[in-house]
1. Considering only residues that are at pLDDT 95 or above and under 24 Å from the mean Cα position of the chain (by Cα), which ones fall in segment 81-106?
2. Take the residues in segment 354-365 that are part of a loop (DSSP other than H, G, I, E, B) and buried (at least 24 other Cβ atoms within 10 Å of the Cβ), then tell me which one is farthest from the chain's Cα centre (by Cα).
3. Which of (1) in contact with a helix residue (DSSP H, G or I) (Cβ under 7 Å, 6 or more places away or on another chain); (2) free of Cβ contacts under 8 Å to residues at least 60 places away in the same chain does residue 224 not meet, given it meets every other one?
4. Looking at segment 66-73, can you tell me whether even one residue there is part of a loop (DSSP other than H, G, I, E, B) and buried (at least 22 other Cβ atoms within 10 Å of the Cβ)?
5. Going through segment 282-307 one residue at a time, which ones are exposed (fewer than 14 other Cβ atoms within 10 Å of the Cβ) and within 31 Å of the chain's Cα centre (by Cα)?
6. Any chance you could count how many residues in segment 320-345 are surrounded by 19 or more Cβ atoms within 10 Å (Cβ to Cβ), closer than 22 Å to residue 258 by Cβ and touching a residue at least 60 places away in the same chain (Cβ under 8 Å)?
7. So which of 129, 78 is in contact with a strand residue (DSSP E or B) (Cβ under 8 Å, 6 or more places away or on another chain), modelled with pLDDT of 95 or more and in the same structural domain as residue 166 (by TED's automatic domain parsing)?
């Protein structure tokens, strides 16, 4: 069962790419940033992925769109998609929720999920997947008094309540990208909703056995087993400079890149995606660091702890107040890739990462070309979406591919539960395995193991609404 989908707040297309790799068909992608949309269009609309590209409604211009303007100016065209789309996905802007920056309860972007829900109401898809940072499930401090009391009505719960009013049963998951074939930790929060969901489908959606079954299928499809962890070096060692010849960067006058000599690891071969071994990917422009900056990076590599943020003592020695500088560990997954390249120091070379190295850590294949300027600064940060930002904001395609398989299987089970003939058929063993669960009790997978590593599992607060969908 292949699904049709619409991607809202689509960015450069990481979520769309993964869904297409899972075999699904894109219909429409909505992204207002011109450079991010240009990247998405060039890779997923103008060209095909495994024989598929976005079909795109003729009545909606193929260009960057602000979702509010699209809902106003093309409401009739959107309404014509009612009943014709299986899945609406997307990640509304998360800066105000992010635990990595200053959490801003009054940031207008925190309410853009309402436009997402407006779109869902009009299109009425069979299922919804909403992606965001973990902070969307955390309350902001209650500033109406001097009390340290915190509000409990998180944005995640408001979204789930509104989905419920539209007839959707929903669950929430916290997933870690490294468990799905990405060389990056990157924990993320997902709300998954099904129209008129059978209560047992929601129970299965957070069942450990079901999640592991789909994860195993996904990893097998990309050539990995359940215990494989892809390291940073596995992902980008072929992009090290070492003694390679430096040549002019074709899309940045005055900059250089290292001549490409071909992949070295299984992951790198997978990311090449059929490209000739010595054909360089785009966006491998090397940074121009001042000698003093290189000296600082060398000091980090001399005194820092690989795979960790630099210490407060080392920050003081470097004369920087920036607290999120990571020295990447070669033999472990990277931390969450952000939109700021100077957050990370290469594991063996005194420099920041290139855009392509960040993209590799995000699981973008090398044929996926990024468009637009490389960086921006100052007030332009509020409007520009350069290449580093496009990559840092994206859902890793491999994680999105897992979600594509997950929702496809979940919808099939939901259909089976709703079909009385299949409930009693001897051929419905896939469903019968889970019908043995007689009550609505839900197991919560620990979010960290004994070593403190991030794990997957249902999210406690959001889980309340899952129980609300069940009959006692």
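The values are calculated or read from the model by the stated rules, or taken from the named source; none is laboratory data. A quick note: this is a predicted structure, and the numbers were derived from the prediction, not measured. Reconstructed Cβ throughout: ideal geometry from the backbone, glycine too, with neighbour counts over all protein chains shown.
1. Initial filter on segment 81-106 (at pLDDT 95 or above): 81-82, 84-90.
85, 86, 87, 88, 89, 90 - these are the residues of segment 81-106 that are at pLDDT 95 or above and under 24 Å from the mean Cα position of the chain (by Cα).
2. As a first pass, look at segment 354-365 and keep what is part of a loop (DSSP other than H, G, I, E, B): 354, 362-365.
Restricting the remaining residues to those that are buried (at least 24 other Cβ atoms within 10 Å of the Cβ) gives 354, 362-364.
Working: 354: 20, 362: 8, 363: 10, 364: 11 Å.
Result: 354.
3. (1)
4. Step one: list which residues in segment 66-73 are part of a loop (DSSP other than H, G, I, E, B), which gives 66.
Now drop any that are not buried (at least 22 other Cβ atoms within 10 Å of the Cβ), which leaves none.
No, the conditions are met nowhere in segment 66-73.
5. Those that are exposed (fewer than 14 other Cβ atoms within 10 Å of the Cβ) and within 31 Å of the chain's Cα centre (by Cα): 288, 305.
6. 3
7. On the way: 78 fails: in contact with a strand residue (DSSP E or B) (Cβ under 8 Å, 6 or more places away or on another chain).
Just one listed residue meets the conditions, 129.
For (1) touching a residue at least 40 places away in the same chain (Cβ under 8 Å); (2) touching a strand residue (DSSP E or B) at 6+ places or on another chain (Cβ under 8 Å), each residue gets a yes or a no:
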| residue | (1), (2) |
| --- | --- |
| 42 | yes, no |
| 57 | no, yes |
| 64 | no, no |
| 69 | no, no |
